[in-house]
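Colleague: One structure, pasted below without further comment.
The values are calculated or read from the model by the stated rules, or taken from the named source; none is laboratory data. No experiment lies behind these values; they were computed from the predicted model shown. Cβ placement follows ideal geometry from the backbone for every residue including glycine, while neighbour counts extend to all protein chains displayed. Heads up: the accessible areas ignore ligands, DNA and RNA and are worked out on the full protein's heavy atoms, side chains in. Shrake-Rupley method; radii C 1.70, N 1.55, O 1.52, S 1.80 Å.
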Amino acid sequence: MSDRVRDRWVAGEVALNAWSTFGGGSAGVLASAGFDAVTVDLQHGEQTLEGLGDVVGAIERAGSVPFVRIGWNDPATVMRALDLGARGVICPMVDTAEDAAAFVRFCRYPPLGARSYGPVRSAFGTGRRQTDAANESVLAFVQIETSEGWANVEAICAIAGLDGVYVGPADLSLALGFESFADLSAPDMHDALDRVVAAASARGVVPGIHAPSFERAIEMARRGFRFVGAAGDVELLRAGAAESIERTRADARAER
């Protein structure tokens, strides 16, 4: 089973993640563009658990690794997303090491965790072959986006079985009381992000971040983030539509 994300890390490269907010076929389109991973947003996006299996399948067929951002740290949702074929799960609003440990526990089958067996769409076969491969391959990320989570980031990164942390800049900027909003170029944000990268790197945990623009994605990679949300369907559609309108109108005026 191909895993572009881990292949990038083994090669010392940054894995690029795309964020899927719309329902329908947007996730498959993003995957076909060549992103290493595509994350389906169940917290704020249009997609639901009921249709997740088909979306995950479209991502996987296009060669990307399917991730899911669940709506809350809920064991049933974690296990359901994994049963439907997600190979990475991102858990929002994690405040403490205990929160992180509870999440990781339901990402792993016994004896490593407490995930119940019953995969509907498995990338790893069946039976013991599936459980062993899933325990080794499923990527468990928690989001650092609250003031408490940021204050506890070192303890969170020390949790056994946690693969990565993923910064949500919008919520983090609100939680830490920054004057700017989700501004990845702001000095106070840089200080906050550097602490996350240092904590993760010290524990062998992958630092990730949502940075859906070309310029910011590059900057975050240079700051040490190894899993970068470099684009989202909302941003790509908005930017592409704006450019199309601007160029069409400019050319139309030039023809007068």
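Colleague: Where is the GNM fluctuation largest for the chain (alpha-carbon springs, 10 angstrom cutoff): Ser116, Ser185, Ser173?
Modeller: Ser185
Colleague: Only Lys, Arg, Asp and Glu count, each charged at its Cβ (+1, +1, -1, -1), so figure out the dipole size of the range 112-256 about its Cα centre, rounded to 20 debye.
Modeller: 620 debye
Colleague: When all C-alpha to C-alpha distances in the range 1-130 are sorted into bins of 10 Å, what percent of pairs does each bin hold, rounded to whole numbers?
Modeller: For the range 1-130, the pair-distance distribution reads 13, 43, 37, 7.
Colleague: Using Cα-Cα distances under 8 Å and only pairs 6 or more residues apart, what relative contact order does the chain have, in percent?
Modeller: 16 percent
Colleague: Give, rounded to the nearest 20 debye, the magnitude of the charge dipole that the chain has about its Cα centre when Lys and Arg contribute +1 at Cβ and Asp and Glu contribute -1 at Cβ.
Modeller: Using Cβ point charges on Lys, Arg, Asp and Glu, the chain gives about 820 debye.
Colleague: Evaluate the charge dipole of the range 1-150 about its Cα centre and quote only its size in Debye, nearest 20, assuming +1 on the Cβ of each Lys and Arg and -1 on the Cβ of each Asp and Glu.
Modeller: Dipole about the Cα centre, nearest 20: 560 debye.
Colleague: Mean-square fluctuation check for the chain, GNM, Cα pairs under 10 Å: which of Gly57, Gly12, Gly85 is largest?
Modeller: Evaluated over the chain, the most mobile residue of the options is Gly12.
Colleague: Per residue, how large is the accessible surface of the chain? Use a 1.4 angstrom probe and give square angstrom.
Modeller: For the chain, the solvent-accessible area averages 46 Å² per residue.
Colleague: Accessible area of Arg238, 1.4 Å probe, to the nearest 10 Å²?
Modeller: 150 Å²
Colleague: Same structure again: Within the range 164-204, list the chymotrypsin sites (Phe, Trp or Tyr not before Pro) lying in a DSSP loop whose Cβ has at most 13 other Cβ atoms in a 10 Å radius.
Modeller: Qualifying residues, ordered by number: Phe181.
Colleague: Give the calculated FRET efficiency between Ser185 and Val120 to the nearest 0.05, with a Förster radius of 41 Å applied to their Cβ-Cβ distance.
Modeller: Efficiency at R0 = 41 Å is approximately 0.45.
Colleague: Would you mind telling me the share, in percent, of accessible area of the chain contributed by carbon and sulfur at probe 1.4 angstrom?
Modeller: Looking at the chain in its full context, I get 52 percent from C and S.
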